[in-house]
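Here the structure is laid out as structure tokens; the discussion comes afterwards.
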Amino acid sequence: MNIIMERSNKTRSERAQLGRKKRNRLIIAVNLVLLGAITTTVILTYNMKQDKSGAELPKLAAVHSKEPQKVDAGVKKTNDGGPSDQKKSPNTVKPVGTEDSKQNQTNSGKTPNSGNNKAVISGENNKPQVLNADSNQKTKVVYLTFDDGPNEYTEQILNILKENEIHATFFMIGTQLRDNQSSIERLLKEGHYAGLHSMSHNYNKLYKNGGSSHFIDEFKQEQALLYKLTGFKATLIRAPYGSAPQIGYNFRTDIAHAGFKMWDWTVDSQDWSYTGKPDKVVQQVKRQIHRKQEIILMHEKKQTVQALPRIIAYLKQKGYSFAVYKPDHHIVANFGKDTRL
Ligand SMILES: [Zn+2]
């Protein structure tokens, strides 16, 4: 009985031992699982961090790769004619024929405000030569420009320029080229630049058809006609009524792609509006002259012919030298500050 009791006791204690062993194994197993879980967590966390930083890299790379676009976007912003350009730019509604119905399509129709439009550009972009970008420039340079010819005044303007031994830049209207071919030939022969000013000079035709296509077509047509008549291939254009605000960034892209350069001006003589008042034209110019480089907008008008000798004398007195547009020394001078043009 005792033996049985002992046995059963033994068995009980053995069982208890077995139970303890099992429990220990279980604890070890649990610990191992826990350890495994912790390790896995650590590894996973590490991997996730790695993934995260890995994911950030392409993002950064993407940002970097977008930088040139950012620069473009910045250019675009300033190029759309900043608010000042917009506000002060020529009023595009006024132009057609308010002063002189015969001049419907030939006067540039600058409003008195347009004189505030300045094609002055900061020197941030040092690639293209930009008007008034060099503040250390010692010499003062002025570009006289004459729009809306050739016509009956062209020869007189050429005479005055010749007397003064200076050169000027002309922006001519395509429909007037054929009738004034000899004047254009003289103009080119005497060292002036024959620039383009569209075929029609018609605001609605050039700007109101929802894009640049008609504008570009007219300038290409005029370029071809001038070339046919004189053998001279002009690349510099002046947009009728100025480039702001009617010519935006995409429009300018198309102009650049068509191979043209585009000039606006820094001084608006408003000569077209001063019929019979050459003194006023002189006054306007004097009032606005103060930069190292000036581009003066004038038109082939009677009052301009009358004012021109005094304007030239004033500029000489102020120490300006007179320059003519040179394609191989192009200067960026547009209201949009667009260095592509
Ligand atoms: Zn014009």
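The values are calculated or read from the model by the stated rules, or taken from the named source; none is laboratory data. A quick note: this is a predicted structure, and the numbers were derived from the prediction, not measured. As a convention, Cβ positions derive from the backbone with ideal geometry for all residues, glycine included, and neighbour counts pool all protein chains shown. To get the accessible areas, we keep the full protein, side chains included, count just its heavy atoms, and leave off ligands, DNA and RNA. Shrake-Rupley method; radii C 1.70, N 1.55, O 1.52, S 1.80 Å.
Here P128 clears all of (1) at pLDDT 80 or above; (2) surrounded by fewer than 19 Cβ atoms within 10 Å (Cβ to Cβ) except the condition numbered (1). Taking the conditions (1) surrounded by 19 or more Cβ atoms within 10 Å (Cβ to Cβ); (2) over 21 Å from the mean Cα position of the chain (by Cα); (3) within 24 Å of Q293 (Cβ to Cβ) in turn, Q137 satisfies each one other than (1). Answer with yes or no whether K302 is buried (at least 19 other Cβ atoms within 10 Å of the Cβ) and charged (D, E, K, R). Taking the combined requirement at face value, the residue does not satisfy it. Entry remark, segment 313-339: residues being β-branched (V, I, T) and closer than 21 Å to L188 by Cβ number 2 in total.
Yes or no: T266 of a type in the set (S, T, N, Q) and touching a helix residue (DSSP H, G or I) at 6+ places or on another chain (Cβ under 7 Å)? Answer is no for this residue. In the set (1) within 28 Å of the chain's Cα centre (by Cα); (2) within 16 Å of the ligand (Cβ to nearest atom); (3) more than 30 Å from K316 (Cβ to Cβ), the condition left unmet by I173 is number (3).
Only one residue in T169, T145, T111, T154 is under 20 Å from P240 (Cα atoms) and either modelled with pLDDT under 85 or small (G, A, S) (or both), so which one is that? Lay out the reasoning, then the answer.
Details: T169 fails: either modelled with pLDDT under 85 or small (G, A, S) (or both); T145 fails: either modelled with pLDDT under 85 or small (G, A, S) (or both); T154 fails: either modelled with pLDDT under 85 or small (G, A, S) (or both).
Selected residue: T111, the only one of T169, T145, T111, T154 that is under 20 Å from P240 (Cα atoms) and either modelled with pLDDT under 85 or small (G, A, S) (or both).
Among the residues of segment 219-243, count how many are touching a residue at least 12 places away in the same chain (Cβ under 8 Å), in a loop (DSSP other than H, G, I, E, B) and open to solvent by 30 Å² or more (accessible area, probe 1.4 Å). Step through it out loud before you land on a result.
The first filter runs over segment 219-243 and keeps only residues touching a residue at least 12 places away in the same chain (Cβ under 8 Å), leaving 219-223, 225-226, 229-230, 232, 234-243.
Still in the list and also in a loop (DSSP other than H, G, I, E, B): 232, 234-235, 238-243.
Narrowing the set further to residues that are open to solvent by 30 Å² or more (accessible area, probe 1.4 Å) leaves 232, 235.
Summing the residues that are touching a residue at least 12 places away in the same chain (Cβ under 8 Å), in a loop (DSSP other than H, G, I, E, B) and open to solvent by 30 Å² or more (accessible area, probe 1.4 Å) in segment 219-243 gives 2.
Filtered by the rule that a residue be assigned to a helix (DSSP H, G or I) and surrounded by fewer than 22 Cβ atoms within 10 Å (Cβ to Cβ), segment 285-299 gives K286, R287, Q288.
So that you can scan it fast, the table gives a plain yes or no per residue for (1) under 25 Å from the mean Cα position of the chain (by Cα); (2) closer than 22 Å to T304 by Cα:
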{"position": "L158", "(1), (2)": "no, yes"}
{"position": "N180", "(1), (2)": "no, yes"}
{"position": "L187", "(1), (2)": "no, yes"}
{"position": "Y207", "(1), (2)": "yes, no"}
{"position": "Y227", "(1), (2)": "no, no"}
{"position": "I237", "(1), (2)": "yes, yes"}
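Hey, does segment 291-299 have a residue that's touching a residue at least 12 places away in the same chain (Cβ under 8 Å), away from the ligand (no atom under 16 Å from the Cβ) and in contact with an Asp or Glu (Cβ under 7 Å, 6 or more places away or on another chain)?
Here is the first cut: in segment 291-299, the residues touching a residue at least 12 places away in the same chain (Cβ under 8 Å) are 291-299.
Keeping just the survivors that are away from the ligand (no atom under 16 Å from the Cβ) gives 291-294.
Restricting the remaining residues to those that are in contact with an Asp or Glu (Cβ under 7 Å, 6 or more places away or on another chain) gives none.
No: zero hits.
Does K316 count as surrounded by fewer than 16 Cβ atoms within 10 Å (Cβ to Cβ), at pLDDT 95 or above and over 31 Å from the mean Cα position of the chain (by Cα)?
Values: surrounded by fewer than 16 Cβ atoms within 10 Å (Cβ to Cβ): yes; at pLDDT 95 or above: yes; over 31 Å from the mean Cα position of the chain (by Cα): yes.
Considered against the rule, which asks whether it is surrounded by fewer than 16 Cβ atoms within 10 Å (Cβ to Cβ), at pLDDT 95 or above and over 31 Å from the mean Cα position of the chain (by Cα), K316 comes out as yes.
Only residues that are hydrophobic (A, V, I, L, M, F, W, C), open to solvent by 30 Å² or more (accessible area, probe 1.4 Å) and touching a His at 6+ places or on another chain (Cβ under 7 Å) were counted in segment 186-218, giving 0.
Just need a number here: residues in segment 312-334 that are part of a helix (DSSP H, G or I) and in contact with a Lys or Arg (Cβ under 8 Å, 6 or more places away or on another chain). Total satisfying the criteria: 2. Could you check, for segment 153-165, whether at least one of its residues is closer than 16 Å to M298 by Cβ and either within 14 Å of the ligand (Cβ to nearest atom) or not in a helix (DSSP H, G or I) (or both)? Yes, some residue in segment 153-165 is closer than 16 Å to M298 by Cβ and either within 14 Å of the ligand (Cβ to nearest atom) or not in a helix (DSSP H, G or I) (or both).
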